[in-house]
Amino acid sequence: MIGSKQSDDAPARLDQPAIEARGLSKRFGPKLALHGFDLEIERGGIHAVVGANGAGKSTFFRILLGFQTATAGTSRVLGYRSEALPPAVRGRIQLVTEEHALPGWMRIGALEAMHRDLATRSRSNGGREAAWSERAWREVAGLFRLPSSQRVRDLSRGERAGLNLALALAQRPELLILDEPTLGLDVVARQAFLEALLFAGEHDGSTILYCSHQMDEVERVADALIILEDGRVTEHGTPESFWRRIAGWSIDAASLPPAGALLPEALPGLLQTRAIDGRLQLTAIDRDDDFGACLESLGAVDVQRVPIGFDRAVNAYLDRPAA
Amino acid sequence: MLQITTGDARPIFRQIVDGLRARILTGELPPGHKLPSVRALAIELTVNPNTVAKAYTELTDEGLIETRSRVGVFVCEPRQRLSDAERQRRLDEALQRFVHDVASLGYDAEVVLERTEHALERLGLERGAEATSEDIP
């Protein structure tokens, strides 16, 4: 997205949340893509957005950026109403998606010059200083070793992702939305991407929304964790506070009825049950050691509490039976 | 100098605290040793700098490292920064966790104590007051 030429008629409203959605719903025929969607994101930091495909993420972004109207509810971005977003404000939002769509015929140097020119001429960043960060461009382009004479169509997928990120960060967005940006990248490119995201340029208070299915990436970069399910936000807090609520248990598989017979009514808080090698692994939320006692009272033998990683905690949560 | 893994049962912040604390207590990182800046360590580990900052804060609270403004972060001379009550509280808390984790494993207390002692020795913590050098094999 390119900032359009505007005078500073839309000043930055840094005292207002980066994103504010209240009671959003969106109906497509009989289907509710969003319902009761509430989300408030403070300025600054990296906010990871996690959820199954179809949880409403794309619909929310389209409404947030004013490309689609909500059936009900309100949404504001950078302090402005989504459905009446001044072009200057839209120019302070950068969106990087997994497609990394860029004009293939252009050379990197020319693309860079074009974006720099547009950014500096527009002076539309609401009173923030320079509209183009030479440093961010140099650092990200350097990490991905992007030669300015190369044509975009000759770049690898990883290099295109790097170029996209370099252009986005150099424009010093107030809000940067990354939608599964590392999808399909190899290990080296993913590493470079995370490094560029975390350290390139001066982050001067920009707010970053990071959508990913890669829990190892979320664990590394996220200040906050937002979980989307069935068209609404079901969890929002620090990754650690979420993780602490999830506990793993292991029991002798022979000592309980088959996994399907373990019902949430008998075991409140149960998220997931998996059979592994003669053991049954159970994951529970908001349950303390009393969960183990509960299992024993149901006849479970050799009940052990087992530590679980962040990825498993999130996956078990997303996998839980519908309420 | 430090390795962290994602998918581990310990948060990255905890892995950094444990890793550095072990290296300081064993003397691998001696008093006066300069640690990487928050940003440098975050880049090295590819993690959010806030996570490293939080780990450094914890180690500072434990009296293991100190930040000298505009100079850097250094390993402290060994001394006790926590109040007696706070030390006591943390010891109790850590013991509770440990005892709970260990209880379900079904080991004899003797074995657990012996293994604990070995683990402490590896960190340079020995039975100081009662033990003489002859007691240690």
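Flag set for A:Gly56, criterion: in contact with a strand residue (DSSP E or B) (Cβ under 9 Å, 6 or more places away or on another chain) and over 30 Å from B:Pro49 (Cβ atoms).
List every residue pair whose Cβ atoms lie under 6 Å apart, where the two residues are 6 or more positions apart in sequence or sit on different chains, the first residue falls within the range A:228-252 and is without any contact (Cβ under 8 Å) to a residue 40 or more places away in the chain, and the second residue, located anywhere, is β-branched (Val, Ile, Thr). From residues that are without any contact (Cβ under 8 Å) to a residue 40 or more places away in the chain, the pairs are A:Thr234/A:Ile227. Say whether the condition of being surrounded by fewer than 21 Cβ atoms within 10 Å (Cβ to Cβ) and outside any helix (DSSP H, G or I) is met by at least one residue in the range A:191-199. Within the range A:191-199 (the criterion being surrounded by fewer than 21 Cβ atoms within 10 Å (Cβ to Cβ) and outside any helix (DSSP H, G or I)), the answer is no, since none of the residues qualifies. Screening the range A:1-102 for strands (runs of 3 or more DSSP E) wholly inside it with 3 or more residues that are of a type in the set (Val, Ile, Thr) returns the ranges A:46-51, A:93-97. Take the conditions (1) within 14 Å of another protein chain (Cβ to nearest Cβ); (2) out of contact with any helix residue (DSSP H, G or I) (no Cβ under 6 Å at 6 or more places or on another chain); A:Ala18 misses just one of them, which is (1). Give the residue that is surrounded by the most Cβ atoms within 10 Å (Cβ to Cβ), with candidates limited to residues of the range B:82-106 that are farther than 21 Å from A:Asp288 by Cβ and of a type in the set (S, T, N, Q). Applying the filter and picking the extreme gives B:Gln88. Just to verify a result, which residue in the range A:1-24, among those that are in contact with a Lys or Arg (Cβ under 9 Å, 6 or more places away or on another chain), of a type in the set (Gly, Ala, Ser) and modelled with pLDDT of 90 or more, is farthest from B:Pro49 (Cα to Cα)? It comes out as A:Ala21. For the range A:67-110, a tally of residues being without any contact (Cβ under 8 Å) to a residue 60 or more places away in the chain, farther than 19 Å from A:Arg232 by Cβ and crowded, with 19+ Cβ neighbours inside 10 Å returns 2. Taking the criterion of being hydrophobic (A, V, I, L, M, F, W, C), within 14 Å of another protein chain (Cβ to nearest Cβ) and within 16 Å of the chain's Cα centre (by Cα), the residues of the range A:175-213 that qualify are A:Phe193, A:Leu194, A:Leu197, A:Leu198, A:Ile208.
Summed over the range B:78-117, the residues that are aliphatic (A, V, I, L, M), within 14 Å of another protein chain (Cβ to nearest Cβ) and part of a helix (DSSP H, G or I) give a count of 3. Where helices (runs of 4 or more DSSP H) fall entirely within the range B:1-62, those with at least 1 residues that are over 16 Å from the mean Cα position of the chain (by Cα) and either free of Cβ contacts under 8 Å to residues at least 12 places away in the same chain or more than 12 Å from chain A (Cβ to nearest Cβ) (or both) are at B:38-45, B:49-61. Can you tell me which residues in the range A:203-228 are touching a helix residue (DSSP H, G or I) at 6+ places or on another chain (Cβ under 7 Å) and acidic (Asp, Glu)? Within the range A:203-228, A:Asp216, A:Glu217, A:Glu219, A:Asp223 qualify.
The values are calculated or read from the model by the stated rules, or taken from the named source; none is laboratory data. Because the structure is a prediction, the values reported are computed rather than measured. Note that each Cβ is placed from the backbone with ideal geometry, even for glycine, and that neighbours are counted across all protein chains shown.
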